[in-house]
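What follows is a set of notes on a single structure, which appears directly below.
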C-alpha cells in the first residue's frame with residue numbers, strides 16, 4: 001500500500017464524466033452524472049427506489065455500458081480496459097450475496113483467484129485469511145456450503161469474496177439490507193474496521209441514512225438520475241437544501257430504514273433517534 | 001427352462017445389440033442437444049422455433065420414422081444406421097428442453113455475480129451454469145433413454161436387430177415365450193437405465209438454500 005505523494009490534484013480513484021444511461025427505448029435512468037471519488041474514500045449513494053443508484057453502480061464494472069459519458073478509474077477510461085481484467089479489479093457485493101450454492105465457502109471466497117488460475121494451496125490460504133478477517137472461523141466455515149450459513153454469515157462470506165483479489169475498488173449494493181438490525185449493526189462495525197485496515201475506494205448504495213453517516217466520507221443524493229447533493233455526512237445533516245432536508249426528515253420519522261420492530265423477532269430493537 | 005437355455009446366447013447377443021443402438025443414439029443426441037440447449041439459453045428468441053421442431057420430430061410415429069429413413073442413400077445401407085438416427089431424433093427433445101430450462105432456471109442474480117466477478121463466458125458456463133443445471137440435463141437424458149429403449153424394439157422392423165427381433169419373431173410365430181424373451185429384458189434395461197441415471201441425477205442435484 002503506497003501513500004500517495006502530496007499532489008495538488010491527485011488522480012481520483014473513480015471519476016464519472018457526464019455519464020448517462022438509458023435502456024434502448026427506455027427512460028433516461030442516469031442523466032449526466034459527474035462525480036469523483038478520492039482514493040481510499042467511501043461514498044454512499046442515497047435516493048429513493050428508481051433514482052438510479054444501482055444503475056450508477058453497475059456502470060463502473062460495465063455490467064451496464066453508459067449510453068453517454070465516460071468513467072475513469074485511476075485515470076484510465078473503463079472502455080479501454082479489458083472487460084474481464086476490469087471486473088476482477090473491482091470487488092462486488094450485493095444484497096442477495098450471490099454465493100454459488102454448489103461451491104464450499106472457501107471456494108466461493110477464492111473464486112476470482114480460481115478464475116485467474118492461482119494454485120489451489122494459495123487460493124485456500126487466501127480464502128482462510130479473508131474468512132478470518134470478516135470474522136468467520138476458517139476451520140469451521142471453510143468447507144461448509146452457503147445453505148448451511150445464516151444470512152449474516154453469508155454476507156460476511158460475500159464480503160470476503162469481494163476482497164479476495166485485493167481489488168482497489170469495492171462496489172456495494174445495499175450489502176446489509178436483508179439483515180436483521182443487530183446483525184446489520186455488527187456488519188457495519190466490521191465494515192468500518194475493514195475499511196480502516198484495507199484502504200479501498202468504496203461506492204456504497206444504501207437506503208439507510210445511518211449506515212451512510214456511519215461509513216461514508218461523502219453522501220450523494222440521487223433523484224431521477226441526477227445528483228441533487230454531494231456532501232460530507234456533517235454537511236448532509238445540517239443542509240438547508242429542501243431535498244436533503246426532506247430526505248433526512250422522512251428517514252427520521254419512518255425510523256432508520258426498515259428497522260421497525262419485527263413481531264417475530266424477540267430481540268430488542270434499538271430506538272430510532274428522535 | 002429349456003427354452004431359456006436354448007435361447008440364452010441369442011437373448012444376450014440381442015440385448016447387447018439393443019444396448020449399443022440405444023447407447024450410440026444417446027451419445028449422438030446428447031452431443032447435439034446439450035450444446036444446442038446452451039446456445040438456446042443464450043439467445044432465447046430461437047428457443048420456441050427450435051424446441052418446436054424437436055417436438056414435431058417427437059410426434060412422428062416410430063414405425064413411420066424408420067420407414068422414412070429406409071430409402072435414404074447412405075443411411076439405408078445399414079439398418080443399424082437408420083435405427084441410431086431415428087432414436088437420436090427421438091432423444092433430442094427431452095435433452096434439449098431440459099438443458100435449456102435448466103440453464104434458464106438458474107437464479108439470474110448468480111449469473112450476474114459471476115459476470116461481475118470477472119468470470120469469462122466459458123468459466124461461467126463450465127463452473128457455474130452447467131453444474132447448476134446438471135441434474136436437469138440428466139433428467140432429460142433419463143427420459144430420453146427410457147423412451148428410446150422402448151422405441152429401439154421397433155427398429156427390428158427394418159432389420160436393425162435388438163430385442164425387438166425376438167418380439168417380432170414371437171408375434172409372427174404366435175409364440176408368447178419369444179415375445180416375453182424380448183420384452184422382459186427390454187423392460188429390465190429401461191428400468192436399469194432409469195435407476196442408474198436417477199441416482200446420478202440425485203447426486204448432481206444442488207440443494208436449494
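Read-outs throughout are calculated quantities, based only on the coordinates presented, and are distinct from any laboratory measurement. Computed from a predicted structure; not experimentally measured. We place every Cβ from the backbone using ideal geometry, glycine too, and count neighbours over all the protein chains shown.
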Semi-axis lengths (Å, descending) of the ellipsoid that matches the C-alpha gyration tensor of chain B: 38, 20, 12
FRET efficiency for residue B:56 and residue B:196, using Cβ-Cβ distance with R0 set to 35 Å, rounded to 0.05: 0.70
Cβ neighbours within 10 Å from other chains - mean over A:91-103: 5
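With viscosity set to 1.002 mPa s and temperature to 20 °C, compute the Stokes-Einstein D of chain A, Rh being the Kirkwood radius across alpha carbon pairs; µm²/s, no decimals.
The diffusion coefficient I find is 109 µm²/s.
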Along each principal axis, Cα extent of the range B:35-79, largest first, Å: 38, 21, 11
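When the Kirkwood hydrodynamic radius is evaluated over all pairs of different C-alpha atoms of the range A:46-158, what value in angstrom, to one decimal, is obtained?
One decimal place: 15.9 Å for the Kirkwood radius.
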Ellipsoid equivalent to the range A:87-140 - semi-axes via the Cα gyration tensor, in Å: 16, 15, 11
Spatial separation of Cα centroids for the range A:218-232 and the range B:19-91, in angstrom: 58
Cα-based convex hull, the range B:1-44, per residue volume (Å³, whole number): 57
Distance from the range B:135-209 to the range A:82-157 (C-alpha centre basis), Å: 44
Chain B - percent relative contact order, Cα under 8 Å, separation 6 or more: 26
Binned Cα-Cα distances of the range B:29-142, short to long, each 10 Å bin given as a whole percent: 14, 37, 27, 15, 6, 1
Order of B:74, B:20, B:46, B:203 under a 10 Å beta carbon neighbour criterion, fewest first: B:74, B:203, B:46, B:20
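Using only DSSP helix segments of four residues or longer, with each worth -39500 (n - 2.57), what per-residue ellipticity at 222 nm results for chain A after dividing by its residue count and rounding to 500?
Per the formula, -10000 deg cm²/dmol.
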The range B:50-100: Cα Rg divided by the 2.2 N^0.38 Å rule of thumb: 1.19
Theoretical gain in end-to-end length, residue A:232 to residue A:39 [0.36 nm per residue, Cα-Cα removed]: 67.9 nm
Estimated [θ] at 222 nm from DSSP helical runs (n ≥ 4, -39500 (n - 2.57)) normalised by residues in chain B, nearest 500: -26000 deg cm²/dmol
Kirkwood Rh and Cα Rg combined as Rg over Rh, evaluated for the protein assembly as shown: 1.15
